[in-house]
Amino acid sequence: MAAKPMLHYFSGRGRMEPIRWLLAAAGFEETLIDTPEDFEKLRNDGSLMFQQVPMVEIDGMELVQSRAILNYIAAKHNVSGRDIKERALIDMYIEGVADLNEMILLLPISPPAEKDAKITLIKDRTTNRYLPAFEKVLKSHGQDYLVGNRLSRADIQLVELIYYIEEIDPSLLTNFPLLKALKARISNLPTVKKFLQPGGARKPPVDEKILEKARKILKF
């Protein structure tokens, strides 16, 4: 039996969280970077090609760069599409997810004076651009998943995004019944359900304590 992938990151969501979601079905272990010395050790060991995390040990490789890691995991676990057209659609949807997710990801490190404006912009983009587009996709074919009527990484990463949106304002999902149904469908997959339960591998929202610790470790 192959060893479980080993994830190296601090104890927060950041750019590792989409990787955690995608690996939830496969199982993984984590080595949490808890001090600046832990991070320096990884750097000094030559494990970080570009001297940054996330890093995932998988199949004898030390993979860095979030998109490269996600692409490999998706291909390995057959959630990246069955042909070139499906892969193109999945990639397109993922890029849309990433655009909005990046806005949410950067929110905790925004200057306090800018946060309200950024939240307003996120809400506007959520309800007037991104969620209507994904709701339209599901409505257009009436199937359970975004592409090819089977689970893909696009579904998983979209549902991750939906959870973040609900943390900002649950009412933002009110007018998107198909997306709410997709969230329920993905969340009830046994492996994802385990990932989401209290004490599971999903990380909590970033607060000042987590952010300050990450700053000390990663020196940003």
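Some notes on this structure:
- Unique match (being over 21 Å from PRO190 (Cα atoms), touching an Asp or Glu at 6+ places or on another chain (Cβ under 7 Å) and of a type outside the set (Lys, Arg)) among LEU7, LEU42, LEU106: LEU7
- Residue check, ILE69 under 21 Å from GLY148 (Cβ atoms), in contact with a strand residue (DSSP E or B) (Cβ under 8 Å, 6 or more places away or on another chain) and of a type outside the set (Ser, Thr, Tyr): no
- Residues of region 44-75 classified as under 30 Å from LYS136 (Cα atoms), surrounded by 15 or more Cβ atoms within 10 Å (Cβ to Cβ) and not hydrophobic (A, V, I, L, M, F, W, C), total: 3
- Residue in region 204-214 that is surrounded by 13 or more Cβ atoms within 10 Å (Cβ to Cβ) and within 25 Å of LYS85 (Cα to Cα) present: no
- Checking LEU89 against (1) open to solvent by 30 Å² or more (accessible area, probe 1.4 Å); (2) touching a residue at least 40 places away in the same chain (Cβ under 8 Å); (3) under 20 Å from ARG13 (Cα atoms); (4) part of a helix (DSSP H, G or I), the condition it does not meet: (3)
- Evaluation of ARG185 against the conditions (1) at pLDDT 95 or above; (2) more than 26 Å from GLU86 (Cβ to Cβ); (3) assigned to a helix (DSSP H, G or I) shows that the sole unmet condition is (2).
The values are calculated or read from the model by the stated rules, or taken from the named source; none is laboratory data. The shown structure was predicted, so the numbers you read here are calculated from the model rather than taken from an experiment. No Cβ is skipped: glycine too gets one built from the backbone with ideal geometry, and neighbour counts run over all protein chains shown. Just the protein is used for accessible areas: all its heavy atoms, side chains included, with ligands, DNA and RNA removed. Shrake-Rupley method; radii C 1.70, N 1.55, O 1.52, S 1.80 Å.
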